[in-house]
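Report on the following structure.
We did not get these values from a lab; they are worked out from the coordinates using the rules stated. Remember, predicted model here, so these are calculated numbers, not experimental data. FYI the Cβ positions are ideal-geometry reconstructions off the backbone, even for glycines, and counts take in every protein chain you see.
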């Protein structure tokens, strides 16, 4: 009887590990976000959410989730002017990468003028009908000021 209990515990543990690996494989990928800091602007914080259209949009989950329900990824955040001058033209570019860190594509948003030591919100939408949607697993930010 004790041998059967040990075998059952090993089976359950093994099954749990296999189940976890499969779930991670089907849901999406482990994010590989990396920040690029410039000498004039930096990311204060950011968030990635996967959304679906449902009388507007609703959040499915955080990160890049690869499910049939996913209609878009929304990258939002706050940038801060760390220079001593007002930055008139500020662009935030999100460069998207796959699970082996190969560059796929990029999207840029204009943030506008930011006074010294001030912050500004930004948002970037990436829709499911765009190329590489199912392959995106990470991103890096670049700035132009």
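Please arrange 49, 38 by counting, for each residue, the other beta carbons lying within 10 Å of its beta carbon, fewest first. Don't skip to the answer; put the middle values down first.
Working: 49 18, 38 15.
Exposure proxy ranking, most exposed first: 38, 49.
In segment 40-54, whose amide N lies under 20 Å from the spot 7 Å out along Cα-to-Cβ of residue 69? List them in ranges.
Counting backbone N atoms under 20 Å from the label point, the list is 48-54.
Taking 0.36 nm per intervening residue step and subtracting the Cα-Cα distance, what contour gain separates residue 109 from residue 76 on full extension?
Working: separation 33, 0.36 × 33 = 11.88 nm, distance 1.07 nm.
Difference between extended and current length: 10.8 nm.
According to a simple spin-label model (label point 7 Å from Cα along Cα-to-Cβ), what is the distance in nm between residue 99 and residue 131?
So the label points at residue 131 and residue 99 sit 2.2 nm apart.
Could you check the simple spin-label distance between residue 53 and residue 142, using points 7 Å along Cα→Cβ, in nm with one decimal?
So the label points at residue 53 and residue 142 sit 3.1 nm apart.
Label point 7 Å out from residue 89 along Cα-to-Cβ: which residues of segment 104-145 have amide N under 13 Å?
So the set is 110-113, 144-145.
Classify segment 36-75 from the C-alpha gyration tensor, please: rounded if a/c falls under 1.5, else prolate or oblate depending on whether a/b exceeds b/c. List each step's numbers first, then the result.
Working: a/c = 3.96, a/b = 2.65, b/c = 1.50.
Because a/c hits 1.5 or more and a/b exceeds b/c, segment 36-75 counts as prolate.
Under 1.5 on a/c is rounded, so check that first for segment 31-144, then, if it is not, pick prolate when a/b is larger than b/c and oblate when it is not; a ≥ b ≥ c are the square roots of the alpha carbon gyration tensor eigenvalues.
prolate
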